[in-house]
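Here is the structure we will look at, set down as structure tokens.
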Amino acid sequence: MADALGEGSDKIAINLDALYKDYSAIKMISDGTKVQVELAAAKTTDSGKMELTREDGVSNWYPLQFHFHAPSEHTVMGEQYDLEMHIVHLGADGSLGAVLGIFFDTKKGGSGKNMFLDYMSGLSDAATITGALPLKGYLDSLNLEEFWSYDGSLTTPPCTEGVRWSVLKQVQPISADQLKMFNDTFKDNTTWSAANGEGGNYREVQPFNSRPFYFSNWEANEHRTAMIVCAVLLAFVSIALVAVFVSICACPKMFGLVKAGKVVNN
């Protein structure tokens, strides 16, 4: 995603239904090219539903898998984050799809241990692990009300178009040890990164091409903009009044005034 300003809206929301679940035992893999968790064995709708509301309508999407990119594929004001998680969703007919993106960064999110990522720590020593994964509980703990959304494409070949992207604004914490596991797989893995341009497993930022770009809390942004404009105007008015007052005191004759003086009685 290229850095862009788009169409703000107060009609934008993400809702996860009750079937979007935590897993008591699920397979997690790290095969040298990806860190990935399959959420559904097939293109089914029994693993939960994400309802995405935008000004162009309401759509329903069903989680298929999630994976990671290090560093992030999206940028904010030109800045990449340490890690980005993508939860890939399908439509009810099994077609792609929608992706929910989540940022992790040791500076912007904090360097404390991320309890959700800690469930995958076993992948540091094994290519495959099976264990509990509280996906729904983790997502419920995030701020799903603040996000950006736009229509784009998958970031891996064949880069299929028509994908609805939603990226959470809130950056999550990740410890140095947790980040190392992903960097060992991608960013610092010379075999992998050399094949990928020596920079990790991310796609370069793409032109925005004037497509609609939605973001939450439009009314709040409008109010902030209005307050800034008013403050600037008030500052200019105050400066102008001070300048006029100083000019009057310094050169009263310019304004047809005469300085008051002492009256001397003879």
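The values are calculated or read from the model by the stated rules, or taken from the named source; none is laboratory data. Quick caveat, the model's predicted, so the values are computed rather than measured. All Cβ positions, even for glycine, are placed from backbone atoms using ideal geometry, and neighbour counts span all protein chains on display.
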Fill in the blank from the handout: Here the residues within segment 97-123 that are aromatic (Phe, Trp, Tyr) and within 25 Å of Arg164 (Cα to Cα) are Phe103, Phe104, Phe116
Practice task
Tell me which residues, restricted to segment 137-180, are crowded, with 17+ Cβ neighbours inside 10 Å and over 15 Å from Phe104 (Cβ atoms).
Solution key: Leu144, Phe147, Trp148, Ser149, Tyr150, Gly152, Leu154, Thr155, Val163, Arg164, Trp165, Ser166
Completion exercise
Among strands (runs of 3 or more DSSP E) completely within segment 99-187, the ones holding 1 or more residues that are of a type in the set (D, E, K, R) are 147-153, 161-172
Problem - Selected residue (only one of Met115, Met50, Met120 is without any contact (Cβ under 8 Å) to a residue 24 or more places away in the chain and hydrophobic (A, V, I, L, M, F, W, C)) - result: Met115
Problem - Test for Val58: is it in the same structural domain as Lys180 (by TED's automatic domain parsing), of a type in the set (A, V, I, L, M) and free of Cβ contacts under 8 Å to residues at least 12 places away in the same chain - result: yes
Exercise for the section: Scan (1) buried (at least 20 other Cβ atoms within 10 Å of the Cβ); (2) of a type outside the set (A, V, I, L, M); (3) within 30 Å of Ala176 (Cβ to Cβ); (4) touching a helix residue (DSSP H, G or I) at 6+ places or on another chain (Cβ under 9 Å) for the single condition Gly48 breaks and write down its number. Expected result: (3)
Fill in the blank from the handout: For segment 66-84 the number of residues that are out of contact with any Pro (no Cβ under 8 Å at 6 or more places or on another chain) and crowded, with 20+ Cβ neighbours inside 10 Å is 8
Practice task
Working only within segment 86-120, note down all residues that are surrounded by fewer than 16 Cβ atoms within 10 Å (Cβ to Cβ), at pLDDT below 95 and under 20 Å from Ile29 (Cα atoms).
Solution key: none
Exercise for the section: May I ask you to list the residues in segment 135-172 that are under 19 Å from Val76 (Cβ atoms) and of a type in the set (A, V, I, L, M)? Expected result: Leu142, Leu144, Val167, Leu168, Val171
